[in-house]
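Participant: Structure in structure tokens, see below.
Laboratory data are not the source of any read-out in this text; all were calculated from the coordinates shown. Keep in mind the model is a prediction, meaning the values are calculated, not measured.
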């Protein structure tokens, strides 16, 4: 607040990164279910989730 920037300007990038991490990284139910349906090891899900989460 002292920097003069809007709280929304700081919160939106943080929200984007956290939502990507929540959606793509185990142990959340969505990635674990997707890994089970597609018969993919959780290690690959973690690697691909990080690849998507870091730029976000």
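Participant: Against the longest principal axis of the chain, how steep is helix 42-53, in degrees 0 to 90 to the nearest 10, with axes from Cα atoms?
Facilitator: Compared with the principal axis, the helix lies near 20 degrees.
Participant: Separate question: With axes computed from alpha carbons, what is the tilt in degrees of helix 7-24 against the longest principal axis of the chain, rounded to the nearest 10 within 0 to 90?
Facilitator: 0 degrees
Participant: Return one number: the angle in degrees, 0 to 90 and rounded to the nearest 10, between the long axis of the Cα atoms of helix 29-38 and the longest principal axis of the Cα atoms of the chain.
Facilitator: 40 degrees
Participant: A follow-up question, please. Read through the labelled values (i) 4, 15, 19, 18, 19, 15, 7, 2; (ii) 5, 20, 32, 24, 13, 4, 2, 0; (iii) 4, 20, 23, 16, 12, 9, 7, 5, 3, 1, 0 and report the label of the one computed as P(r) over Cα pairs in 5 Å bins from 0, in percent from the structure.
Facilitator: Computing P(r) over Cα pairs in 5 Å bins from 0, in percent and matching it to (i) 4, 15, 19, 18, 19, 15, 7, 2; (ii) 5, 20, 32, 24, 13, 4, 2, 0; (iii) 4, 20, 23, 16, 12, 9, 7, 5, 3, 1, 0 gives (iii).
Participant: For the chain, what does -39500 (n - 2.57) per DSSP helix run (n ≥ 4), summed and divided by total residues, give at 222 nm, in deg cm²/dmol to the nearest 500?
Facilitator: Dividing the helical sum by the residues of the chain leaves -23000 deg cm²/dmol.
Participant: Fully extended, how many nm does the chain gain between residue 42 and residue 54 (0.36 nm per residue separation, minus their Cα-Cα distance)?
Facilitator: So the chain would gain 2.5 nm between residue 42 and residue 54.
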